[in-house]
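Data first, discussion second: the structure below is written as C-alpha cells.
The values are calculated or read from the model by the stated rules, or taken from the named source; none is laboratory data. Because the structure is a prediction, the values reported are computed rather than measured. Neighbour counts are summed over all protein chains in view; Cβ atoms, including those assigned to glycine, are modelled from backbone coordinates with ideal geometry. Surface accessibility is based on the protein's heavy atoms, side chains included, excluding ligands, DNA and RNA. Shrake-Rupley method; radii C 1.70, N 1.55, O 1.52, S 1.80 Å.
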Amino acid sequence: MESTRAVAKGVDESGDEGGDETAARRREQRGWYWYDWANSVYSTTVLTVFLGPYLTSVAKAAADADGFVHPLGVPVRAGSFYAYAVSASLLLSVLAMPLAGALADRTGRKKPLLGWCAYVGAAATTGMFFLGGDRYLLGGALLVIANVAFVVSMMLYNSFLPQIARPEERDAVSSRGWAFGYAAGALVLVANLVLYGAHDSFGLSTGAAVRICLASAGLWWGAFSVIPLRRLRDRRAAAAKQPAGPGAAALGQGWRQLRETLRHMRRHPLTLSFLLAYLVYNDGVQTVITQASVYGSEELGLDQTTLIVAVLLVQVLAAAGALLMGRLAGRYGAQRTILGSLVAWVLTLAAGYFLPAKAPGWFFGLAAGIGLVLGGSQALSRSLFSHLVPHGKEAEYFSAYEMSDRGVSWLGPLVFGVTYQLTGSYRDAIVSLVAFFVIGFVLLARVPVGRAIAAAGNPVPDRI
C-alpha cells in the first residue's frame with residue numbers, strides 16, 4: 001500500500017523515489033501520451049480540416065432560396081450552421097463535465113469514465129460516414145455527440161497529469177503529450193491527403209473521400225484508446241468519499257460534490273484568476289482551430305487539398321513548437337512563455353485578416369505562425385494549472401479547467417458565427433477573435449503564479 005501511495009504522489013515522504021516507483025510512473029506517463037495520439041486525429045481531421053467545410057456545403061444544399069436552413073424552425077444562415085453546432089456542443093459540455101469530474105473524484109474510477117467517453121465519441125465520429133446529401137441535421141447531431149464526448153474525455157485525461165508526474169516534470173510531460181498528439185494528427189493527415197488528392201484513382205467521389213476521412217478518425221480514436229486504458233490506473237478515492245451508487249443516486253451525489261467543489265474553489269481565488277484568463281484566451285485558440293478551414297475555403301477560395309497541406313504544416317510545427325516552448329518555459333518560466341505566445345497569436349490573426357484570396361503561399365505562412373504557438377500555449381497552460389490544484393481534487397478542478405479549455409469555448413464560435421451572420425464577411429469574423437487574446441494577456445499577466453501555487457498547498461518550482 002505504501003508503494004502505491006508513493007507512485008500516486010510521485011514521491012515518498014523524504015522526497016526520494018525508489019527505482020520501482022520511478023519505472024511505474026514512467027510507464028504510466030508513456031501510456032498517458034497515447035490518448036493524445038488517439039484523440040488528436042479527431043481534433044485535426046474532423047474539427048480542423050474536413051467537417052467545417054463539408055457540413056457547411058451540406059447545409060447549403062439544404063438551404064432555401066435566401067441561403068437559410070431552419071433547424072427546429074429557427075432561421076440560420078447556412079454558412080453559420082457549423083459554428084453554431086460547435087457552440088451548442090460546448091454549451092452541453094458545460095453541463096456534462098462538472099458531473100463527470102465530481103463522480104470521478106468521488107468514486108476514484110476515472111478510467112472507466114474515460115473509456116466510456118472515448119468510445120461514444122469514436123462511434124459518433126465513425127457515423128459521420130453516413131453524412132451526405134442534405135443531412136445537415138444528422139451532421140450537427142453527430143458533431144454535438146462526438147464533441148461532448150471528446151471534451152469530457154479530455155477533462156478526465158488531463159486530471160491524470162498531477163497524479164503521474166512530479167511538479168518539476170509536468171511542463172515536459174504535458175509538452176510531450178501534445179507533441180505526441182500532433183505527430184499522430186500529421187501522420188493521419190498525410191493519409192487523408194493521399195486519399196483525397198487521388199480520390200478519382202480510387203473510384204471515389206469528393207464527398208465519399210471526405211466521409212471516409214471523417215470515419216477513419218473515429219476508428220483511429222477507438223483503436224488507440226485501448227493503450228492508455230490498459231496502462232493508466234485508478235487511484236483509491238479518499239476515505240470520506242464512498243463510491244456513488246447507480247442511477248439517480250449517483251447523479252445526485254455527483255451534483256452535490258460539484259457544489260462542494262465550487263465552494264472549495266472560492267478558497268483559492270488566485271487559481272480562479274488563472275482560470276478566468278485561460279477561459280478568455282483559450283476561447284480564441286479553440287475558435288481558430290475549428291473555424292480556420294471554413295475561413296480558408298469560404299473567404300479565401302482555397303481548395304480542400306490546400307487546406308489539408310496547411311493543417312499538416314500546423315501539425316508538424318505544433319509538435320516542434322510544443323517541445324520548443326517546453327524548453328523555453330524551463331528557462332524563462334511557463335507564465336512568461338505563455339504571455340509571449342499570446343502576443344504571437346495577436347500578430348498572426350491580424351495578418352490573417354489581410355491575406356489575399358486564392359493565394360496558398362500566404363495561407364501556408366499563416367498556418368506556420370499558428371503551428372509554432374499552438375501546441376506550446378496549450379501544453380504549458382495545462383501544466384501550469386496542474387500546479388494550482390489542491391491534492392485530491394484533480395478531476396474536479398480539471399473539470400473546471402476543461403470548461404475553460406473547451407466547455408466554455410462556445411463564446412468564440414458564437415461571436416464568429418454572429419459576426420458572419422451580420423456582416424456576411426469571414427474576414428470580419430476572424431479578426432473579431434483578436435479581442436480574446438488581448439484580454440487574456442492582460443488577465444494572465446496580473447496573476448501572481450508563485451503565490452497561487454503556494455496557496456494551493458503545492459511546492460513552488462524554481463522557475464514558473
When you look at Arg336, is it free of Cβ contacts under 8 Å to residues at least 60 places away in the same chain, basic (Lys, Arg) and assigned to a helix (DSSP H, G or I), yes or no? yes
Residues in the range 170-196 that are over 21 Å from Ala122 (Cα atoms) and without any contact (Cβ under 8 Å) to a residue 12 or more places away in the chain total 1
So, Gly132, is that one in a loop (DSSP other than H, G, I, E, B) and in contact with a Lys or Arg (Cβ under 8 Å, 6 or more places away or on another chain) or not? yes
Residue that is at pLDDT below 90, out of contact with any Asp or Glu (no Cβ under 8 Å at 6 or more places or on another chain) and assigned to a helix (DSSP H, G or I), where the choices are Ala8, Ala38, Ala102, Ala85: Ala8
If we scan the range 115-125, do we find a residue that is in a helix (DSSP H, G or I), open to solvent by 10 Å² or more (accessible area, probe 1.4 Å), without any contact (Cβ under 8 Å) to a residue 24 or more places away in the chain and not aliphatic (A, V, I, L, M)? yes
I'd like the full set of residues that are more than 24 Å from Leu55 (Cβ to Cβ), part of a loop (DSSP other than H, G, I, E, B), out of contact with any Phe, Trp or Tyr (no Cβ under 9 Å at 6 or more places or on another chain) and at pLDDT 90 or above, limited to the range 186-245. Ser201, Gly203
Over the range 126-139, the set of residues more than 20 Å from Ala38 (Cβ to Cβ) and either open to solvent by 10 Å² or more (accessible area, probe 1.4 Å) or modelled with pLDDT under 85 (or both) is Phe130, Gly132, Gly133, Asp134, Arg135, Tyr136, Leu137, Leu138
Condition check for Leu366: modelled with pLDDT of 70 or more, part of a helix (DSSP H, G or I) and closer than 17 Å to Trp178 by Cβ: no
Considering only the range 151-169, state which residues are under 24 Å from Arg463 (Cβ atoms), assigned to a helix (DSSP H, G or I) and modelled with pLDDT of 80 or more. Asn158, Leu161, Pro162, Gln163, Ile164, Glu169
Residue list for the range 420-464, restricted to those being modelled with pLDDT under 90, over 30 Å from Arg166 (Cα atoms) and among the aliphatic types (A, V, I, L, M): Leu422, Ala429, Ile430, Val431
Would you pick out the residues in the range 446-455 that are touching a His at 6+ places or on another chain (Cβ under 9 Å) and surrounded by fewer than 19 Cβ atoms within 10 Å (Cβ to Cβ)? Ala455
